[in-house]
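Colleague: Can you keep this structure in mind? I'll have questions shortly.
The values are calculated or read from the model by the stated rules, or taken from the named source; none is laboratory data. What you see is a predicted model, and the numbers here were worked out from it, not measured in a lab. Every residue, glycine among them, receives a Cβ derived from its backbone with ideal geometry; neighbour counts consider all protein chains shown.
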């Protein structure tokens, strides 16, 4: 479970921004909260949160920052000497290029609270730490400062040996986990398995099909959700098959072969890749209820591409949604409402906010333009966040709670009237046509 996250000097976030899933003392919609008395004592966590903002205000950057952190941690141990670390400083102030990106993540895994932090630039890791609370009291797993200065209080000999083999452009957190050090491996797996991202740009059907095949019982959930969502679908068949590159359209075939050749050319820096990557394709058929010539009920198969864009988007989403609920993931979704009716989005959100369905502490964090969720009958005030850019192009992130609106306030109307900021300033477009 995610407690909170902060980042500084990343994309549009020049100054530190803090996003928190810690609930306020407000007692409204208590079913939207997760209680973990063993780990958090009196504190409670939110099951879901939404981020609003104008286009280019940085709302997507907030969840991309969490995904960036995940990818950084998962891939850092692969770096070779002299290789650049992915580094995306705030570009509208040249001074930021010489300053590090700073990240902090506070989370719970396997009943234990962890604090991870790192400061880095394109050349090296500057500072890094990992703390945990095995018995409710903060304890050091490791501290790293000035790139190569380490402090250990646990397993000093083993950790020192790993530190001596950790390059300056590699996270110690990642390297030690890859070397099977238990105290970093467990929180590392939270980033690897429990933190998942869905982009608004591409959400292939293959993900849902693979999830259905790998997890017993999820296929039944998917079919039930498709039926309840009123798509007229009563059943489905789904398989995954490997595709030979030569079977692909010419433009895809050329692109894949080019990328593979480029990777092989860089083999002196990276692990040699001698084969074209495995390509998978999902074959999906949906069955709709129909009638034959005599009026008897029959099921009619539809190919995946014959379905509406909304049906395909919903199918692509419900695999990750279902798996997240079953396994207690933190799911990040950019533009949840893309191609979906607002009531369908509300139904997906309600899965996370329902403690009888969400029994494993799963959390949903999503961005949206749809003001349908700005409803105090649906979400608590601390579940609603906004992003706004100032004149210097810097993203500010803040919660609706900061405005302390009345519990019966019309948040939707107030937002569109500019009461909470985070709206685009639109000039006189008609004037351009005169």
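Colleague: When you look at residue 223, is it in contact (Cβ under 8 Å) with a residue 60 or more places away in the chain and either closer than 30 Å to residue 312 by Cβ or more than 28 Å from the chain's Cα centre (by Cα) (or both), yes or no?
Modeller: It is false that residue 223 is in contact (Cβ under 8 Å) with a residue 60 or more places away in the chain and either closer than 30 Å to residue 312 by Cβ or more than 28 Å from the chain's Cα centre (by Cα) (or both).
Colleague: What strands (runs of 3 or more DSSP E), lying completely within region 10-59, carry at least 2 residues that are within 18 Å of the chain's Cα centre (by Cα)?
Modeller: Those strands (runs of 3 or more DSSP E) span 17-20, 44-46, 48-53.
Colleague: Something else about it: Test of understanding: among 371, 395, 387, 367, which residue is at negative phi and over 20 Å from the mean Cα position of the chain (by Cα)?
Modeller: 371
Colleague: Here is a further query. Could you check, for region 394-414, whether at least one of its residues is part of a helix (DSSP H, G or I), touching a strand residue (DSSP E or B) at 6+ places or on another chain (Cβ under 9 Å) and at pLDDT 90 or above?
Modeller: Scanning region 394-414 turns up at least one residue that is part of a helix (DSSP H, G or I), touching a strand residue (DSSP E or B) at 6+ places or on another chain (Cβ under 9 Å) and at pLDDT 90 or above.
Colleague: Quick one: in region 196-215, of everything that is modelled with pLDDT of 85 or more and not in a helix (DSSP H, G or I), which residue is farthest from residue 320 (Cα to Cα)?
Modeller: 215
Colleague: For region 24-50, what are the residues that are out of contact with any helix residue (DSSP H, G or I) (no Cβ under 6 Å at 6 or more places or on another chain), farther than 22 Å from residue 117 by Cβ and either outside the structural domain of residue 61 (by TED's automatic domain parsing) or surrounded by 18 or more Cβ atoms within 10 Å (Cβ to Cβ) (or both)?
Modeller: Scanning region 24-50 gives 29, 33, 34, 44.
Colleague: Quick check: anything in region 327-338 assigned to a helix (DSSP H, G or I) and in contact (Cβ under 8 Å) with a residue 60 or more places away in the chain?
Modeller: yes
Colleague: Hey, among 192, 199, 145, which residue is surrounded by fewer than 17 Cβ atoms within 10 Å (Cβ to Cβ) and more than 28 Å from the chain's Cα centre (by Cα)?
Modeller: Step by step, each of 192, 199, 145 is checked, and only 145 is surrounded by fewer than 17 Cβ atoms within 10 Å (Cβ to Cβ) and more than 28 Å from the chain's Cα centre (by Cα).
Colleague: Would you tally the residues in region 312-335 being surrounded by fewer than 21 Cβ atoms within 10 Å (Cβ to Cβ) and over 22 Å from residue 215 (Cβ atoms)?
Modeller: Total meeting the criteria: 1.
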